[in-house]
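Provided herewith is a single structure, encoded as structure tokens, for subsequent inquiry.
The values are calculated or read from the model by the stated rules, or taken from the named source; none is laboratory data. Just so you know, these numbers come straight off a predicted model, no measurement behind them. Positions of Cβ are generated from backbone atoms using ideal geometry, with glycine treated the same way; all protein chains shown enter the neighbour counts. Quick note on the areas: whole protein, heavy atoms, side chains included, nothing else; ligands and nucleic acids left out. Shrake-Rupley method; radii C 1.70, N 1.55, O 1.52, S 1.80 Å.
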Amino acid sequence: MATVETVRGPVEVDSLGTTLMHEHIFILQPELLQNYAHAWGESYWDEEERVADAIAKLQRARDAGIETIVDPTVPGLGRYIPRIQRLNEAVDINLIVATGVYAFLELPNFLATRSDDVITQLFVREIREGIDDTGVKAAFLKCAVESHGIVGDVPRILSCVAAAHVETGVPVMVHTNAPAQTGRIALDFLVEHGVDPVKIVIAHAGDSNDLDYLRALADKGAWLGQDRYGIEHFNPSADRLATTTALIREGYADRIQLGHDSACFYDFMQHNPPFADEKPDLLRIHDEFLPALRDSGVSEEQIEQMLVGNPRVFFSGRGGPEAPPPPREHAESR
């Protein structure tokens, strides 16, 4: 039976249950906290208060039937596994974490001065042995291709992620910019460097309503990260609903991974006017999106496939050159 690593150790893939595929429990970069905590008055971070709040939010999600949360927080976003372990001691939920680097242009100096092989082996160590001395093993790799494209140190990062994937077989999640359609170049680069497209999820593909773009990714076998539901700043929920419904009607339910890109705490949203109205919530998909999908004619089987079946396949290790689905019959582009 295939297993996947979680914060509490390996679990059977078939027991993951209802899964949210892209949620950050905490985004908190220590260096910024150390320098800007009081820039707007009282510190924006209180450890005990924020931990208690996160426990309450995770318990609420678990009580609603969410059994697994996939957290792609890696260095560059403030990953700190001991804090996540503390939460998991309080809440009976599967938490899956990642290795990799989140950077749009350049590696942090700590890594930039090291060889690609050393960086790759750091990723491999976190997959096979554990993250630092926590004993927690990463179950997937995370990288990013933003609107700038594959420039600066990004080719190095993608190459190291691809090499770690080839060595370990764990899947890859790549942050992309939908308006710039960087999912195309990210997918091509990773595939050219040995990553099976069925092991790649194009995060934030759901910020786009361009069906031709989304079909092009899915028809190559990649997963579509419809993973920012509720963040109106990137794409209004009504448009996300219409696009996701259209994809499902065309037969792409087997290529969609659902999530909110939510967090129990975002440091970059603190005292930041563009995000003043954002209210991250791990239950918006269940409370709002799923009822709307049902009203649009999406079946319970298709919903279960997206929330249960697709995450199971992503982490199962199944797939291969023959796995990408054949092109669908497409309706007229929106």
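Could you check how many residues of the stretch 253-274 are crowded, with 22+ Cβ neighbours inside 10 Å and not in a strand (DSSP E or B)?
Of the residues in that region, 4 qualify.
Further, regarding this structure: Only one residue in Leu58, Leu20, Leu33 is among the aliphatic types (A, V, I, L, M) and more than 29 Å from Ala205 (Cα to Cα), so which one is that? Write out each step before concluding.
On the way: Leu58 fails: more than 29 Å from Ala205 (Cα to Cα); Leu20 fails: more than 29 Å from Ala205 (Cα to Cα).
Checking each option against the conditions leaves just Leu33.
Just to be sure before I move on: is Val51 part of a helix (DSSP H, G or I), surrounded by fewer than 20 Cβ atoms within 10 Å (Cβ to Cβ) and in contact (Cβ under 8 Å) with a residue 24 or more places away in the chain in the structure I sent?
yes
Right, another one. Looking at the stretch 126-136 only, could you name the residues that are over 14 Å from Val74 (Cβ atoms) and either among the charged types (D, E, K, R) or in contact (Cβ under 8 Å) with a residue 60 or more places away in the chain (or both)?
The answer is Arg128, Glu129, Asp133.
Kindly evaluate Asp212 against the criterion of being outside any loop (DSSP other than H, G, I, E, B), without any contact (Cβ under 8 Å) to a residue 12 or more places away in the chain and open to solvent by 10 Å² or more (accessible area, probe 1.4 Å).
Values: outside any loop (DSSP other than H, G, I, E, B): yes; without any contact (Cβ under 8 Å) to a residue 12 or more places away in the chain: no; open to solvent by 10 Å² or more (accessible area, probe 1.4 Å): yes.
Against the criterion (outside any loop (DSSP other than H, G, I, E, B), without any contact (Cβ under 8 Å) to a residue 12 or more places away in the chain and open to solvent by 10 Å² or more (accessible area, probe 1.4 Å)), Asp212 does not qualify.
I've got another one for you. Scan the stretch 215-252 for residues that are assigned to a loop (DSSP other than H, G, I, E, B) and either more than 19 Å from Val313 (Cα to Cα) or in contact (Cβ under 8 Å) with a residue 60 or more places away in the chain (or both) and report the count. Don't jump to the end; show me each part of the working.
Step one: of the stretch 215-252, the residues assigned to a loop (DSSP other than H, G, I, E, B) are 220-222, 227-236, 250-252.
With either more than 19 Å from Val313 (Cα to Cα) or in contact (Cβ under 8 Å) with a residue 60 or more places away in the chain (or both) added as a condition, the list becomes 220-221, 227-236, 250-252.
The qualifying residues number 15.
Here's a follow-up. Of (1) small (Gly, Ala, Ser); (2) assigned to a helix (DSSP H, G or I); (3) over 23 Å from Ser262 (Cα atoms), Gly194 satisfies all except one. Which?
With (1) small (Gly, Ala, Ser); (2) assigned to a helix (DSSP H, G or I); (3) over 23 Å from Ser262 (Cα atoms) applied to Gly194, the lone miss is (2).
Mind listing just one residue for me: the one in the stretch 28-38 that is touching a residue at least 40 places away in the same chain (Cβ under 8 Å) and part of a loop (DSSP other than H, G, I, E, B) and, of those, surrounded by the most Cβ atoms within 10 Å (Cβ to Cβ)?
Leu28
Yes/no matrix, rows are residues, columns are (1) outside any helix (DSSP H, G or I); (2) in contact with a Pro (Cβ under 9 Å, 6 or more places away or on another chain); (3) closer than 18 Å to Met173 by Cβ; (4) open to solvent by less than 10 Å² (accessible area, probe 1.4 Å):
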site: Arg62; (1), (2), (3), (4): no, no, no, no
site: Gly76; (1), (2), (3), (4): yes, yes, yes, no
site: Arg79; (1), (2), (3), (4): yes, no, yes, no
site: Val97; (1), (2), (3), (4): yes, yes, yes, yes
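Follow-up question, since we're still on this one. Is it true that Leu16 is surrounded by 12 or more Cβ atoms within 10 Å (Cβ to Cβ), more than 23 Å from Gly309 (Cβ to Cβ) and either modelled with pLDDT of 95 or more or of a type in the set (Gly, Ala, Ser) (or both)?
Details: surrounded by 12 or more Cβ atoms within 10 Å (Cβ to Cβ): yes; more than 23 Å from Gly309 (Cβ to Cβ): no; either modelled with pLDDT of 95 or more or of a type in the set (Gly, Ala, Ser) (or both): yes.
Criteria not met by Leu16.
Okay, next question. Does Pro280 count as open to solvent by 20 Å² or more (accessible area, probe 1.4 Å) and part of a loop (DSSP other than H, G, I, E, B)? Lay out the reasoning, then the answer.
Numbers: open to solvent by 20 Å² or more (accessible area, probe 1.4 Å): yes; part of a loop (DSSP other than H, G, I, E, B): yes.
Yes; evaluated as a whole, the condition is true for this residue.
From the list Leu111, Leu122, which residue is in contact with a strand residue (DSSP E or B) (Cβ under 9 Å, 6 or more places away or on another chain), without any contact (Cβ under 8 Å) to a residue 40 or more places away in the chain and farther than 29 Å from Asp287 by Cβ? Reasoning before the result, please.
Details: Leu111 fails: in contact with a strand residue (DSSP E or B) (Cβ under 9 Å, 6 or more places away or on another chain).
After ruling out the rest, the residue left standing is Leu122.
Further question: Could you list all residues from the stretch 81-95 that are in a loop (DSSP other than H, G, I, E, B) and touching a strand residue (DSSP E or B) at 6+ places or on another chain (Cβ under 9 Å)?
Start the filter on the stretch 81-95 by keeping residues that are in a loop (DSSP other than H, G, I, E, B), which leaves 91-93.
Within the stretch 81-95, just Ile93 meets the criteria.
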